[in-house]
DNA sequence: GGTCAATATATGAAATTTCATGTTTATGGC
DNA sequence: GCCATAAACATGAAATTTCATATATTGACC
């Protein structure tokens with residue numbers, strides 16, 4: 001999955017170089033680094049990462065409609081439609097139209113899908129516990145709280161932050 | 001770029017649901033949420049996100065070899081080779097073989113490429129400053145430190161963490 | 001100097017992703 | 001009820017990404 005981070009790892013986090021200390025880079029690199037091992041595990045089970053995301057989301061909220069599932073799983077709608085079709089073919093999920101609103105398509109885990117999802121969620125929990133254990137004590141320990149705050153802060157900002165929409169230095 | 005996060009935003013960060021409180025999800029969601037606006041800006045300039053990453057890395061370290069550039073930019077090598085070919089076609093970079101080791105290909109910014117890169121880095125700095133300003137005071141303020149720690153912690157772990165390699169609950 | 005393993009990059013085919021747009025169904029006036 | 005507009009999904013073609021593998025060097029060793 002992508003060039004392993006570590007290409008710059010640390011030495012020049014301070015210097016004049018831009019990238020290694022840039023927030024958006026740190027977020028992307030941290031996400032990749034943290035996910036690499038578990039994503040390898042997921043693929044080793046014959047599940048692709050986006051499929052795992054869908055499984056996890058459905059384990060939380062079975063029968064979700066496609067659009068909301070897309071938002072929840074961080075997958076673009078058009079792409080998700082195709083992924084779901086494949087997961088359907090594999091017998092992990094089924095689709096049923098919503099009787100209230102027939103535009104909607106609700107996605108449900110099959111028995112096999114639920115078993116797979118639950119197994120992987122277990123693994124994910126165990127893996128996460130390992131990661132967190134490794135961070136105990138340091139600044140990184142409160143990282144989940146910090147990330148949650150960041151996400152909420154940004155989510156709210158989707159709707160106008162007066163006088164701060166532009167950041168280009170023309 | 002992907003389903004906007006916000007599909008779950010906050011309400012159930014506490015409940016019994018797994019995803020909204022899972023570290024790997026928080027990292028991915030935070031990365032996306034934080035990057036969305038700036039990535040839109042980049043694309044509006046006619047630059048794709050992976051290209052922007054390459055430009056930024058080269059602005060830091062011009063003349064880097066492909067493999068290292070891949071690690072630095074978080075892009076898989078094979079993919080990077082193709083991206084660089086396109087950037088070359090656009091006149092943003094040029095490639096020169098390394099005379100010491102003729103397997104290597106070093107990538108350099110052209111004048112146009114450097115101008116573009118520097119402009120975008122300026123924009124990125126400004127945008128980052130805005131983001132950080134929004135977080136002042138809260139837990140999220142020290143997020144860069146936390147992420148850097150996390151990355152280093154994980155990077156080191158690539159080489160054996162005895163007795164902690166397995167996390168599946170068979 | 002020759003050989004074998006490793007490193008650096010390129011490449012081609014298959015698969016996935018993207019983007020724009022199509023279809024169907026719901027909603028809010030009028 | 002009709003119409004215009006929006007929402008929810010699906011779809012097709014183009015572009016990109018992935019994966020396995022090819023090619024060219026370099027290094028190590030005997």
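The values are calculated or read from the model by the stated rules, or taken from the named source; none is laboratory data. These numbers come from a predicted model, not from an experiment. Neighbour counts are summed over all protein chains in view; Cβ atoms, including those assigned to glycine, are modelled from backbone coordinates with ideal geometry.
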Does the stretch A:82-97 contain any residue that is in contact with a helix residue (DSSP H, G or I) (Cβ under 8 Å, 6 or more places away or on another chain) and within 10 Å of another protein chain (Cβ to nearest Cβ)?
no
What number goes with the only condition from (1) at negative phi; (2) away from chain A (no Cβ under 13 Å); (3) within 16 Å of DNA strand C (Cβ to nearest atom); (4) in contact with a strand residue (DSSP E or B) (Cβ under 7 Å, 6 or more places away or on another chain) that residue B:69 does not pass?
(2)
Within the stretch B:118-136, is there a residue that is within 14 Å of chain A (Cβ to nearest Cβ) and within 16 Å of DNA strand D (Cβ to nearest atom)?
no
Lone unmet requirement of (1) within 12 Å of DNA strand D (Cβ to nearest atom); (2) within 13 Å of another protein chain (Cβ to nearest Cβ); (3) modelled with pLDDT of 95 or more for residue A:106
(2)
If residue A:41 satisfies every condition in (1) within 16 Å of DNA strand C (Cβ to nearest atom); (2) assigned to a helix (DSSP H, G or I); (3) within 14 Å of another protein chain (Cβ to nearest Cβ) but one, which is the exception?
(1)
